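Worksheet for the structure shown next.
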Amino acid sequence: MAEKTLQTLFHETLRDIYYAERKILKSLPKMARAAQSPDLKAAFEKHREQTEGQIERLQQVFEIIGKPARGKTCDAIEGILAEGDEIAEEYKDTAALDAGLLAAAQAVEHYEITRYGTLKRWAEVMGLKDAVKLLDETLQEESQTDEDLTAIADAVINAEALQPAA
Ligand SMILES: [Fe+2]
Ligand SMILES: [Fe+2]
C-alpha cells in the first residue's frame with residue numbers, strides 16, 4: 001500500500017479547493033443577481049473577478065508540484081452553496097434577503113480561509129516557497145473579502161433587515 005504523507009494531503013486538499021473555487025465562480029453571478037443592495041452586488045462581482053485569478057494561482061500550484069490541475073468533489077462547499085441557494089429562495093422579496101445572502105457568502109469565505117491557511121502552512125513545511133506566496137496572496141484576498149462583507153453588513157444591510165419590506 002502506498003504511503004500517505006503530508007504531500008498526499010496537500011495534493012488532495014488542493015484538489016478540494018480547486019473544485020470549490022470553480023463552483024464559487026459559477027455561484028457568485030447568481031448571488032450578485034439575487035442581491036438587492038448595489039454595494040453587495042458590487043462586492044460579489046468584484047469577488048467573481050478575483051476568483052478567476054485565484055483559480056489561475058491554483059493551477060500554478062498544481063504545476064509546482066507536478067500534478068495536473070484536477071478538482072475533487074468537495075461536499076463542504078456543495079452544502080454551503082446549497083444553503084445559500086435556499087436563503088435566496090426562501091427570503092426572496094423580504095427585508096432580510098441581503099443579510100442572509102451576505103451571511104451565506106461569509107460562510108464561503110471562512111471555508112476558503114481555513115483551506116488556504118492550511119495549504120499555506122503545509123507548503124511552508126514542504127519548502128514550496130513559490131506555492132506559499134501564491135496561496136498567501138489568495139488567503140489575503142479571501143480575508144479582505146470577508147472584512148469587506150462585514151463592513152457592508154454593518155453599514156446598512158443588517159439594520160435594513162430589521163425593518164419589514166417597504
Ligand atoms: Fe476563492
Ligand atoms: Fe472567496
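The values are calculated or read from the model by the stated rules, or taken from the named source; none is laboratory data. Note that the coordinates shown come from a computational prediction; the quantities given were computed from them, not determined experimentally. Here the Cβ is made from the backbone with ideal geometry for all residues, glycine too, and neighbour counts use every protein chain on show. In case anyone asks, the SASA skips ligands and DNA or RNA and just uses the protein heavy atoms, side chains included. Shrake-Rupley method; radii C 1.70, N 1.55, O 1.52, S 1.80 Å.
So the values come out like this:
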quantity: Paramagnetic reach from A76 in the stretch 1-41 [backbone N under 18 Å; point 7 Å along Cα→Cβ]; calculated: 6-25
quantity: Loop-resident sites, the stretch 1-45, for trypsin sites (Lys or Arg not before Pro), counting at most 11 other Cβ within 10 Å (DSSP); calculated: K4
quantity: Cut-off 12 Å between beta-carbons: net charge of the residues surrounding T118, Lys and Arg +1, Asp and Glu -1; calculated: -1
quantity: Positive-end extreme of charge dipole, the stretch 101-166 - chosen from V108, V132, T150 (charges on Cβ); calculated: V132
quantity: Long pairs among K23/K120; K41/K133; K46/K67; K4/K67; K67/K129, criterion Cα-Cα beyond 23 Å; calculated: K41/K133; K46/K67
quantity: Inter-part distance where the stretch 1-74 and the stretch 120-166 are each reduced to a Cα centre, Å; calculated: 14 Å
quantity: With Cα atoms, 0 to 90° folded angle of helix 38-64 axis to the chain main axis; calculated: 10 degrees
quantity: 0 to 90° range, to nearest 10: angle between helix 75-90 axis and the chain longest Cα axis; calculated: 10 degrees
quantity: The chain: angle of helix 129-152 to the longest principal axis, Cα-based, in degrees nearest 10; calculated: 10 degrees
quantity: Rounded accessible area of R57 (nearest 10 Å², 1.4 Å probe); calculated: 40 Å²
quantity: Mean shadow area of the chain, taken as a quarter of the surface of its Cα convex hull (nm²); calculated: 9.9 nm²
quantity: Test item: Cα-centred dipole of the stretch 6-161, Lys/Arg +1 and Asp/Glu -1 on Cβ, debye; calculated: 760 debye
quantity: Peptide ranges 117-124, 87-94, 151-158 listed from the most packed, as the mean C-beta count within 10 angstrom indicates; calculated: 117-124, 151-158, 87-94
quantity: Carbon plus sulfur fraction of accessible area for the chain, probe 1.4 Å, in percent; calculated: 50 percent
quantity: Net lengthening on full extension, L25/L9 (0.36 nm per residue, minus Cα-Cα); calculated: 3.4 nm
quantity: The chain, accessible area per residue, ligands and nucleic acids excluded (1.4 Å, Å²); calculated: 56 Å²
